[in-house]
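K.L.:
Handing you this structure, nothing more for now.
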Amino acid sequence: MSSMNGSKRLNSPKADSPQRRQRTGILSRTLNSSSSIRWILPARIRSPSKEDVVFVGATFVQLHEFNETGQLVNTTAKLDFGTQITDANVISADVEVIPTVDAILKQERDQEYYNIRGEPVGDSDPAQILVLVTVDNDLIYVYAREDGSGDVKFIFAKRHLLRGAGLPSSQCRYVAVDSQYTPLQSSPGAGPLMKLRSRALAVASPSGYFGIFNLRPVDEIRSEIDGWDPLKHGSFRPSDEQRFIQVSGDILKMTFLPSPESDPDKVVLLLLAYCGEETQTTHQYLYSWDTRSPLQTIRPMPSSGRGLVEPTLPSMLIPSARPYSYMVVMETGVSYYENVHTSDTKRIHCPFGQKAAGSFEWVQWAKPRRHNAYKERRDDLVLVREDGLLQYFQIEKASSAKFNLNWTIGGLGIRVDTAFCMLAGPPGKGGDIFIVGGSMTDGGVFHVSARGSPECTQVIESICPLRDMILGPSGSMQDGPWSQESPDRLYACCSRPQGLGTLFDIRCGLEAQVGWTVPFPDASFIDRIWTLELPDQNELLVLGSQPTQTTMVAFELDTQELSFTNSESHPGFDFENQTLAAAVLDQGFIIQVTTGSVNLIPTGRDAPASEFFQIKGELHQAVLFEEDQMLVTASKGASGYDICLAAILTSADGGAQVKPAAPTHLADVPTTVCCFKLQNSCIVLVGTDTAKILGYTVSRDLSLDLAFQYEVQDFDARIEGSAISSLVALQQSNDGPVLVLCGLRYGVLLCLELRLETGLLDVTFDDIYKLGSTSVHIFEETLSLTDAKASSALVLCQSEMHRVTLHRNTSMVDYTLSSLWITNHSEPSAQIAINALHRVPKLSSPHQDPGGLLVCATQDELLFCSLVAQEQGVTRRTPVDGTPRHVLYSDYLQKFVVAFEKTHLLTGPSRTRQHGGGHSSGTKDNVPPRKLQQVGLQIIEPSMKDSAEDRLTILVTEETNESVNALIHWAPTDGQHHYEWFVLALEQKEQGFPQCSGRVVCVNAKNLSKGVPDSNPKVAFRSPDRPVTAICAYKMSSLLIAVGTELHLHHLDFATRKWKTLSKHPLPSHAKTITCQGSLIFVATAHHSLFVLVERDNKLSQHKSDNKARSTMDVVPFDGTSAIFSAWNEGTTDIMAFSGFRKDGQEEPYPLFHANLPLLVDNLLLSPSSGSKGQRYRFYASASDGTIFHLSLLDQNEWELLHFLEQTSYLDKKSIKAVPIVKKNVDGDDVVVRPPGVRLTDMHVRGDRLLMMIEEGPYNLRNVLKGETLETFNALAYEVLGTKMHQVEAVAVWLRKLLRYPSRSGSRT
């Protein structure tokens, strides 16, 4: 863990201040969700034409698409439900599986058609619904919706189980869906037809209870989800009927079995239950009913309750394709049970082969996608083992032996848990696709050809297990009024199996994943990009504007091929000048406006020359609006510049013309023009080189009337006068407020709100962002085919990308500025420099790609990227030698330093014994080889571009079998001389010796800066019988060293160059972390919470602190008198803070807050900007599964409002008011015990919950604030924001800025 040495002292309130002992609110928000995946499910929950795959984690879901190129593309960010998901399954519409010749000959997929009540499912409707069961006994139904811009988001609804039934209130663990395959009549000579449909759902608790639900059709469930109102009980009814039953024993597994062909309306449910320690057997329970009858007719079948002939508990239950048959996976093999409904039950056991035998556990199963003719005869199965081994079973339905073949496919090379699924191979490639989530390691997409071995085609990145996290150099923003615009840069090191590690750069924002690239010479000169769809030609033109010319490529939508164009292949285009505007018009014309001409080009390939139209002229700026029927140009006039509007007229007979109106004179140079429609008025905004913004209204005769004129300094005195580089207007409606984005030439983005009230234009300042030091370029996203208004825009400054998204708010502008990161999974450490951006509108043709993709111009190519529209953690990675344990950023080296452990096989006698004078009894060959763990340091450039071979790596220990417990950078000094050292706390344990030894080793950083390894690290401290668990730099030239259960104050004497222990102090248990603030020393102990010491005159004495037993992991001091620490507590982590720590030790420390996070948090960090310039204190917390939390302190008024909102969001929970309790004291008298008004745990506000309240959906503020709740809210909101005309909307805007990373809600005083 990184040390927080040298924390800046800040002024604290006086001890007698009334606010001194006031509790403090803390706001938590998840920056990066866990990358650990529990289930992977193929589920078309967005569209029947999209082969979507759902990743389900412990608390979240995420949608990916498996496209026809064989690539898995991220479609949404993780949606975290804040509760443990215990199982997941898929409800499907009716599916008709129709065989094709290619499916039989090439081992490819059959065609699938989804329908409901005989009608095909629409392409924009979900064909399937994801259903989740949680530990709270909630059933969550989820589908995905794609809007007109191509952005995808989850829509969900919840229904609680077992309420009021006297049944268990939690721990439902299994969910199963009845999916019945039914043969259909096929035409003569055609292959067999199959139909799949979902009819029933079952959930079960290990305690023996299970529930059965009659499912409604998928379209009705979707309508129920859309209409869900959490405030109204019973507003969500996904099933028509339900029934709960109890069986004897603990339910282990559950599944539905296929119905017999003779009775397709019969549903059969199978449960396996363990019936206690006395019998120690597994029993099968079978229940059946007719779908045409009510669930009250459910009855156990005669064979229900029969025991299995298995010596141990099964690890998996797999339904067979045959009626009344199933398989169980045991340690030794697979057992097949058939005819389980009769007394003639038969068991066939197939043992694992020699390669598959062993002690590893089999963890998941999947069935391959095969054509119908094959599935009529066989029911194949693939198992995966925890070490990644794949085993294939070919099962003949008609054979008495069942298992026809049983062979090992091969190994995946990764450890696997339960995240595993199979898909058919992509078209033209065939075979099988395995999508696998790694167990605490990377997962992958694997292709297996017929009789081939697994080939990894794509890595599914994971950042777990996360070992250490630090704050590195942010690298961009200077000190100044906008220093808060530079978010902290988080870096983490993660270990991997086989001694491989990774260093991650973790950023928060939107991710654009590179799908494919197009070589494009001189792409670095492109400054604007347009895409022009020609549906009649089945072609998409990608036009790039450069300072002196225009280049264009044609994208064939049928073949996905690209070709460069010129004046011969595409006559009428001006390739000799810079393009200013371009669009496809109605009536089959393209308009291209360049610096040299206005061109109207017919879209037909063989159009006559008479249909081409061109106006020559020197233009400076141009923009199209009014659905591309109006053109605004800026050109050089006789004195100054002229702004001119022109109508674009086209006709069906091929005629086209441009009719200009009278120009408007402008004295300054127009640098950018923006046009939009507000209510019934057309508005033209002009930015100039003198930092002016001019607003015009358009008259009927297309003349311009000046409505306002501002200089950018009028909005904020901090803004320096600078030319305006770009203007873009964002709208959600024609009559709502308009967000005007104004980019300046020195890296400032100015955000303005524009309104039209009583015929007058009103412009007000909203916010300002410092993005860099070069021009800010803004590119609007007009993505919808039916709406020309843009509600989002891309921002580019100094190769740093952002996206501005305007949210629905009729009262004021409500928007988010998000960082945008380009990632390339084939080059995970790459940093891509972008010089132009463009989002391709959604295409009108049946072809989907590249509609909705992000096009980026780089040095010499165009990148086509899929954009996820929700913020999430975005990582960049580089490999690290060995198993990394700790990482730090050295300001001295300006590089990362990673401490790693590496296993080494030592042969021959150790040099330690030889040098120690030991007597060797034989030759080198007589000494058996032994494994040793070495400790080393690796130096990594911040760019992460250096290869592993070019990095400096030093082995600190070679033959001593040690592990590293801590790493710090230390620069001791006596005021005249100083050293630069990397200090490691080491622990050594030799095999056969019960005690551990420890030492502190110093590596010379000055040598490393010259590229010279330190061949002789200095030992600063040695303990022969106790390990060194933690270290911390203290004052000018001392170290704090935790040795066993003792803390040493160790000092370096510069005069004698010798070490001396100045003081020792016992610890109640061994230390996990040490930090200090002035003379206060904070120790996180393993079993005794936070232990605080004070140093006076080189002597250590104990300070009062927390007196409860806690397993503390990390501690960070702040505020001069306070400390925050993390403590593990039964699978969760308590984040607590105490204040009142002073050197005199006279004041009793008191708690500030108590937050509980649902994971085991290992690391805590303090943001460097915390407390400076009035900024609120901010912290980071990380867990080993890769989850990263952002924590920030709140003012009292802020906490009261946010705590009220969070409690309001729990719509299905009734608040219980605490009441006084009368008790007897020792004298028998009545004593009134009054509960505290606010508990310490109430100071924690969950930002993830609040985030749902400002998004569209059932939890939105406008839906939950009603009646008395609204009155209380208004009073609390007034204390935070003052008087606002639209209080709910104002709080939504403030809350979005508060939850943004980094926060922009204002400073905490």
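K.L.:
Six or more apart or on different chains, Cβ under 7 Å: which pairs go from a residue in segment 822-837 that's over 20 Å from residue 871 (Cα atoms) to one that's in a loop (DSSP other than H, G, I, E, B) and hydrophobic (A, V, I, L, M, F, W, C)? Could you list them?
P.N.:
Short answer, once both residue conditions are applied: 829/944; 835/526; 836/526.
K.L.:
Please return the ranges of strands (runs of 3 or more DSSP E) entirely within segment 787-862 where 3 or more residues are within 17 Å of residue 508 (Cα to Cα) and open to solvent by 40 Å² or more (accessible area, probe 1.4 Å). Break it down stepwise before answering.
P.N.:
Details: elements: 792-797, 800-806, 815-823, 836-839, 854-857.
Ranges flagged: none.
K.L.:
Could you go through segment 1032-1040 and let me know if any residue there is open to solvent by 40 Å² or more (accessible area, probe 1.4 Å), charged (D, E, K, R) and outside any strand (DSSP E or B).
P.N.:
Yes: segment 1032-1040 contains one or more residues that are open to solvent by 40 Å² or more (accessible area, probe 1.4 Å), charged (D, E, K, R) and outside any strand (DSSP E or B).
K.L.:
Which residue is farthest from the chain's Cα centre (by Cα), if the candidates are limited to segment 651-695 and must be within 24 Å of residue 590 (Cα to Cα) and hydroxyl-bearing (Ser, Thr, Tyr)?
P.N.:
The selected residue is 651.
K.L.:
So for segment 257-272 (the condition being farther than 20 Å from residue 43 by Cα and in contact with a Cys (Cβ under 9 Å, 6 or more places away or on another chain)), does at least one residue qualify?
P.N.:
Taking every residue of segment 257-272 in turn, none turns out to be farther than 20 Å from residue 43 by Cα and in contact with a Cys (Cβ under 9 Å, 6 or more places away or on another chain).
K.L.:
Which of the numbered conditions does residue 683 fail, given that it passes all the others? Conditions: (1) modelled with pLDDT of 90 or more; (2) touching a Lys or Arg at 6+ places or on another chain (Cβ under 8 Å); (3) open to solvent by 40 Å² or more (accessible area, probe 1.4 Å); (4) closer than 26 Å to residue 582 by Cβ.
P.N.:
(3)
K.L.:
In segment 1098-1139, how many are open to solvent by 30 Å² or more (accessible area, probe 1.4 Å) and touching a residue at least 24 places away in the same chain (Cβ under 8 Å)?
P.N.:
12
K.L.:
Could you tell me whether residue 387 is at pLDDT 85 or above, closer than 18 Å to residue 450 by Cα and of a type in the set (Asp, Glu)?
P.N.:
When the stated conditions are applied, residue 387 does not pass them.
K.L.:
Please determine whether any residue of segment 457-468 is within 30 Å of residue 327 (Cβ to Cβ), at pLDDT 90 or above and open to solvent by 40 Å² or more (accessible area, probe 1.4 Å).
P.N.:
yes
K.L.:
Could you say whether any residue in segment 1223-1240 is under 27 Å from residue 1172 (Cβ atoms), open to solvent by 20 Å² or more (accessible area, probe 1.4 Å) and at pLDDT 90 or above?
P.N.:
Looking for residues that are under 27 Å from residue 1172 (Cβ atoms), open to solvent by 20 Å² or more (accessible area, probe 1.4 Å) and at pLDDT 90 or above, one finds none in segment 1223-1240, hence no.
K.L.:
Within segment 721-765, how many residues turn out to be touching a strand residue (DSSP E or B) at 6+ places or on another chain (Cβ under 8 Å) and over 21 Å from residue 816 (Cβ atoms)?
P.N.:
The qualifying residues number 13.
K.L.:
Something else now. Suppose we keep only residues that are touching a Ser or Thr at 6+ places or on another chain (Cβ under 8 Å) and at pLDDT below 85 within segment 329-356. Which one would you say is least open to solvent (accessible area, probe 1.4 Å)?
P.N.:
Here the residue is 356.
K.L.:
If a residue must be within 13 Å of residue 178 (Cβ to Cβ) and under 42 Å from the mean Cα position of the chain (by Cα), how many such residues does segment 244-294 contain?
P.N.:
Number satisfying all stated conditions: 12.
K.L.:
Just to check your reading of the model, which residue among 873, 852 is at positive phi, of a type outside the set (S, T, N, Q) and within 26 Å of the chain's Cα centre (by Cα)?
P.N.:
That would be 852, the only listed residue that is at positive phi, of a type outside the set (S, T, N, Q) and within 26 Å of the chain's Cα centre (by Cα).
K.L.:
While we're looking at this one, here's another question. Identify the residue in segment 109-152 that is touching a strand residue (DSSP E or B) at 6+ places or on another chain (Cβ under 6 Å), of a type in the set (D, E, K, R) and open to solvent by 30 Å² or more (accessible area, probe 1.4 Å) and, among all such residues, is modelled with the highest pLDDT.
P.N.:
Among those that are touching a strand residue (DSSP E or B) at 6+ places or on another chain (Cβ under 6 Å), of a type in the set (D, E, K, R) and open to solvent by 30 Å² or more (accessible area, probe 1.4 Å), it is 145.
K.L.:
So, one more: Out of (1) within 22 Å of residue 203 (Cα to Cα); (2) within 44 Å of the chain's Cα centre (by Cα), what's the single condition that is false for residue 297?
P.N.:
(2) is the only condition that residue 297 fails.
K.L.:
Kindly establish whether residue 1095 is open to solvent by 20 Å² or more (accessible area, probe 1.4 Å), on the phi < 0 side of the Ramachandran plot, touching a residue at least 40 places away in the same chain (Cβ under 8 Å) and acidic (Asp, Glu).
P.N.:
no
K.L.:
When segment 496-527 is examined, which residues are found to be open to solvent by 10 Å² or more (accessible area, probe 1.4 Å), small (Gly, Ala, Ser) and in contact with a strand residue (DSSP E or B) (Cβ under 7 Å, 6 or more places away or on another chain)?
P.N.:
499, 515 - these are the residues of segment 496-527 that are open to solvent by 10 Å² or more (accessible area, probe 1.4 Å), small (Gly, Ala, Ser) and in contact with a strand residue (DSSP E or B) (Cβ under 7 Å, 6 or more places away or on another chain).
K.L.:
If residue 270 satisfies all but one of (1) open to solvent by less than 60 Å² (accessible area, probe 1.4 Å); (2) in a helix (DSSP H, G or I); (3) of a type outside the set (D, E, K, R), what's the number of the condition it fails?
P.N.:
Of (1) open to solvent by less than 60 Å² (accessible area, probe 1.4 Å); (2) in a helix (DSSP H, G or I); (3) of a type outside the set (D, E, K, R), only one is false for residue 270: (2).
K.L.:
Looking at segment 336-358, can you tell me whether even one residue there is under 19 Å from residue 268 (Cα atoms) and touching a helix residue (DSSP H, G or I) at 6+ places or on another chain (Cβ under 9 Å)?
P.N.:
Scanning segment 336-358 turns up no residue that is under 19 Å from residue 268 (Cα atoms) and touching a helix residue (DSSP H, G or I) at 6+ places or on another chain (Cβ under 9 Å).
Yes/no matrix, rows are residues, columns are (1) in a strand (DSSP E or B); (2) surrounded by fewer than 20 Cβ atoms within 10 Å (Cβ to Cβ):
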position	(1), (2)
214	yes, yes
225	no, no
230	no, yes
237	no, yes
240	yes, yes
264	no, yes
293	no, yes
304	no, yes
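K.L.:
Hey, another quick one. What are the pairs, 6+ residues apart or on separate chains, where a residue within segment 1266-1285 that is of a type in the set (Gly, Ala, Ser) has its Cβ under 7 Å from a residue that is in a helix (DSSP H, G or I)?
P.N.:
1277/1201; 1277/1287; 1277/1291
K.L.:
From the list 574, 606, 558, 586, which residue is among the acidic types (Asp, Glu), surrounded by fewer than 19 Cβ atoms within 10 Å (Cβ to Cβ) and free of Cβ contacts under 8 Å to residues at least 60 places away in the same chain?
P.N.:
606
K.L.:
Oh, and also: Looking at segment 953-974, I want the residues that are on the phi > 0 side of the Ramachandran plot and have a partner that is outside any loop (DSSP other than H, G, I, E, B) and open to solvent by less than 10 Å² (accessible area, probe 1.4 Å) with Cβ atoms under 8 Å, at least 6 apart or on another chain. Which pairs are those?
P.N.:
That search, which allows pairs on different chains as well, returns 961/932.
K.L.:
Keeping to segment 1258-1278, report how many residues are over 17 Å from residue 1207 (Cβ atoms) and at pLDDT 90 or above.
P.N.:
So the count comes out to 1.
K.L.:
Same structure, new question: Pick from segment 688-741 the residues that are open to solvent by 40 Å² or more (accessible area, probe 1.4 Å) and of a type in the set (A, V, I, L, M, F, W, C): which of them is nearest to residue 756 (Cα to Cα)?
P.N.:
707
K.L.:
Looking only at segment 306-334, how many residues end up being of a type outside the set (Val, Ile, Thr), on the phi < 0 side of the Ramachandran plot, over 40 Å from the mean Cα position of the chain (by Cα) and not in a strand (DSSP E or B)?
P.N.:
Adding up the residues that qualify gives 6.
K.L.:
Looking at segment 1085-1106 only, could you name the residues that are farther than 15 Å from residue 1067 by Cβ and not in a strand (DSSP E or B)?
P.N.:
Passing the criteria: 1097, 1098, 1104.
K.L.:
Give segment 263-285 a look and list any residue that's out of contact with any strand residue (DSSP E or B) (no Cβ under 6 Å at 6 or more places or on another chain) and farther than 17 Å from residue 198 by Cα, or say none.
P.N.:
Answer for segment 263-285, where residues must be out of contact with any strand residue (DSSP E or B) (no Cβ under 6 Å at 6 or more places or on another chain) and farther than 17 Å from residue 198 by Cα: 276, 277, 278, 279, 280.
The values are calculated or read from the model by the stated rules, or taken from the named source; none is laboratory data. The shown structure was predicted, so the numbers you read here are calculated from the model rather than taken from an experiment. Note that each Cβ is placed from the backbone with ideal geometry, even for glycine, and that neighbours are counted across all protein chains shown. Note: areas computed on protein heavy atoms with side chains; ligands, DNA, RNA excluded. Shrake-Rupley method; radii C 1.70, N 1.55, O 1.52, S 1.80 Å.
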